[in-house]
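Each value in this text was obtained by applying a stated rule to the coordinates, not by laboratory testing. For clarity, every value in this text was computed on a predicted model and none was experimentally measured. Cβ coordinates were reconstructed from backbone atoms using ideal geometry, including for glycine residues, and neighbour counts include every protein chain displayed.
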Ligand SMILES: Cc1cc2nc3c(=O)[nH]c(=O)nc-3n(C[C@H](O)[C@H](O)[C@H](O)COP(=O)(O)OP(=O)(O)OC[C@H]3O[C@@H](n4cnc5c(N)ncnc54)[C@H](O)[C@@H]3O)c2cc1C
C-alpha cells in the first residue's frame with residue numbers, strides 16, 4: 001500500500017481546509033491537490049502545489065494586466081500557436097510541485113532531467129522502509145533481440161517464477177542485513193549513510209520535484225513515449241493525466257504537436273514529396289540509412305496495432 005492510514009488522514013485534513021485566494025486557480029488541478037495517485041506496487045505521484053493555468057500562459061504571451069483571456073477559442077488558438085512555433089517561455093510561467101515515491105533505479109533515470117528542483121528523502125538521516133519494487137509477472141520480459149535498450153518476449157513458466165523468487169529473496173536478505181548492521185543492540189551500529197550501500201536499486205525512495213510546465217512537457221515527451229522504460233513510463237502517464245486536467249489547452253496542443261507529431265529530416269521530407277507525386281520511393285532510392293527508413297515507415301504507417 002503506497003500510503004499509511006496516518007498519511008491518508010493528513011491528506012484528508014489538508015483537503016478539508018480551504019482558503020479564499022486572488023491567485024489563478026485551475027479547477028481541474030484543485031481536484032488533484034494532495035491526493036496520491038498509486039503507481040507500481042508501492043509508489044505514487046501527488047501534487048503538492050502548482051502555479052498558473054492555461055490563462056497564465058496567454059497572459060505571459062500577451063504580457064497583459066488582466067487574466068490574459070480574450071475568448072476561450074482565442075486562448076486555445078494562441079496556445080497551439082506557441083506550441084507549434086516552439087515559443088516556450090510562456091509555458092515556463094506555470095509550475096508544479098510533486099511528491100513522488102519511486103524505485104531508486106527509476107529515480108536514476110528521472111534525475112537526468114536537470115531543469116527541475118529536487119529534494120530527496122535522506123537515507124543518511126532516516127532509515128529506509130522495507131519496500132521494494134517487485135514487477136508484476138507479466139512485466140517480466142527477456143532482453144530484446146533488436147533493441148539493446150529494451151525488452152522482448154515475456155518470460156514464462158518456471159523461469160518467471162524463479163526470477164520473481166530471486167528478486168524477492170535478495171531484497172529481503174539485503175534489507176535484513178541493513179537492519180542488522182544499523183541495529184544498536186549490543187553493538188555500535190553502522191552509520192545509516194554506510195549501511196544503505198547494501199540495498200538494491202529496486203528499493204523505494206521519495207522526493208519533492210518542482211518543475212515548470214515547459215520542462216515538464218519535455219520530460220513527458222521523453223518518458224511517456226513508448227520507447228521509455230515501462231517503470232518510468234507509468235509515472236509519466238500518471239502525470240499526463242494530471243496535466244490534462246491542470247492546463248487542458250496546453251496539454252491538447254502538446255499531445256497534438258509533440259506526442260502525436262513527428263519531426264522529419266530534409267531527406268525524409270523530400271521522399272514524402274516524391275511519394276505524393278506518385279514515385280515509388282524505396283530505401284535504396286531514399287538516401288536514408290536502413291534504420292532511418294524503418295523509422296520513416298513507422299511514422300507513415302502509424303503505431304503498430306495490438307497483435308501486429
Ligand atoms: C529512451 C532514453 C534512453 C536514454 N539512454 C541513456 C543512456 O544510455 N545513457 C545516459 O547517460 N542517458 C540516457 N538517457 C538520458 C538522456 O540522455 C537525457 O539525459 C535525459 O533524457 C534528460 O534530457 P535533457 O537533458 O533534455 O533534460 P533536462 O536536463 O531537463 O534539460 C532540458 C534541456 O535543457 C537544456 N540543458 C539542460 N542542461 C544543460 C546543460 N548543462 N548544457 C546545455 N543545455 C542544457 C537542453 O536543451 C536540454 O534538452 C536516455 C533518455 C531516454 C529518454
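Length gained on full extension, residue 147 to residue 130: 2.8 nm, using 0.36 nm per residue less the C-alpha separation. In plain terms, the residue of 193, 131 with the fewest other Cβ atoms within 10 Å comes first and the most crowded comes last, giving 193, 131.
Return the equivalent ellipsoid semi-axes of region 151-308 as a descending list in whole Å, where each equals the square root of 5 times an eigenvalue of the C-alpha gyration tensor.
Details: eigenvalues 434, 108, 42 Å².
In descending order, the three semi-axes are 47, 23, 14 Å.
Per the helix-only calculation at 222 nm, which mean residue ellipticity applies to the chain, given -39500 (n - 2.57) for every DSSP H run of n ≥ 4 and division by its residues, nearest 500 deg cm²/dmol? When only DSSP H runs of four or more count, the value is -13500 deg cm²/dmol. Cα-based radius of gyration for the chain, normalised by 2.2 N^0.38 Å, reads 1.22. Set the Cα radius of gyration of region 137-198 against 2.2 N^0.38 Å, with N its number of residues, and you get 1.67. Across all directions, the average projected area of the convex hull around the alpha carbons of region 235-275 is 3.9 nm².
Extending 7 Å from the Cα toward the beta-carbon at both residue 168 and residue 222 defines two label points whose distance is 3.6 nm. Computed extension length for residue 74-residue 206: 43.5 nm, one decimal, from 0.36 nm per residue of separation with the Cα-Cα distance subtracted.
Residue exposure proxy: 88, 26, 286, 144, ordered by other Cβ atoms within 10 angstrom of their Cβ from fewest to most, comes out as 144, 88, 286, 26. Note: relative contact order over region 137-198, using C-alpha pairs below 8 Å and six or more positions apart, is 21 percent.
Please state the shape class of region 47-205: rounded when a/c is under 1.5, otherwise prolate if a/b exceeds b/c and oblate if not, all from the C-alpha gyration tensor. Display every interim value, and only then the final one.
Values: a/c = 3.85, a/b = 1.79, b/c = 2.15.
Oblate, since a/c reaches 1.5 and b/c is not below a/b.
Rounded to 0.05, the FRET efficiency of the residue 301 and residue 139 pair, given R0 = 30 Å and the Cβ-Cβ distance, is 0.65. Among 278, 298, 28, the largest mean-square fluctuation in a Gaussian network model of the chain (Cα springs under 10 Å) belongs to 278.
Considering only 258, 173, 274, the Gaussian network model of the chain with Cα springs below 10 Å gives its largest mean-square fluctuation to 274.
As a proxy for reagent exposure, 184, 20 were ordered by neighbouring Cβ count within 10 angstrom, fewest first; the result is 20, 184. Taking label positions 7 Å along the Cα-Cβ direction at both residue 34 and residue 19, the computed distance is 1.3 nm, reported to one decimal.
Sorted by average packing, counted as other Cβ atoms within 10 angstrom per residue and highest first, what order do 78-86, 243-251 take? The partial results should precede the final answer.
On the way: 78-86: 16.6, 243-251: 21.9.
Taking the mean over residues of other Cβ atoms within 10 Å, the ranking is 243-251, 78-86.
Computed from label points 7 Å out along Cα-Cβ, the spacing between residue 10 and residue 237 is 2.8 nm. Computed over region 23-139, the Cα gyration tensor eigenvalues convert (square root of 5λ each) into semi-axes of 36, 15, 15 Å, ordered from largest to smallest.
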